[in-house]
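The values are calculated or read from the model by the stated rules, or taken from the named source; none is laboratory data. This is a predicted model, so every value here is computed, not measured. Methodologically, a virtual Cβ is constructed for each residue, glycine included, from the backbone with ideal geometry; neighbour enumeration extends over all protein chains shown. We work out accessible area using only protein heavy atoms, side chains counted, and drop any ligands, DNA or RNA first. Shrake-Rupley method; radii C 1.70, N 1.55, O 1.52, S 1.80 Å.
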Amino acid sequence: MEDFHSVFETFGRMLECGKVYLDPGCSFRRICEALGVDPVQFGGYVFSESGFSGEEILEIYRRTGAGL
């Protein structure tokens, strides 16, 4: 598997600082496209780090606005 550590950090910044979750059209797949990573492979990494899928993380942010 690719080394996704820095991509994961960027994903976190997109959520925390960029608040991409506020865009209802934003999906985990679109975020992966913007990051230039495969959504299935990166999704596996996200799950291994957080215990949640990328879409679940987006939904948590959307519900709470505060994240995990």
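Brief remarks on what is shown
- Within region 4-17, restricting attention to residues that are in contact (Cβ under 8 Å) with a residue 12 or more places away in the chain, of a type outside the set (V, I, T) and open to solvent by less than 30 Å² (accessible area, probe 1.4 Å), the residue that is nearest to G65 (Cα to Cα) is L15.
Listed here are the residues, each with its yes/no results for (1) open to solvent by 40 Å² or more (accessible area, probe 1.4 Å); (2) modelled with pLDDT under 95.
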site	(1), (2)
E2	yes, yes
K19	yes, yes
R30	yes, no
G36	yes, no
Y45	no, no
S48	yes, no
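- Extreme residue, farthest from E16 (Cα to Cα), among residues of region 38-59 that are under 11 Å from the mean Cα position of the chain (by Cα) and aliphatic (A, V, I, L, M): V46
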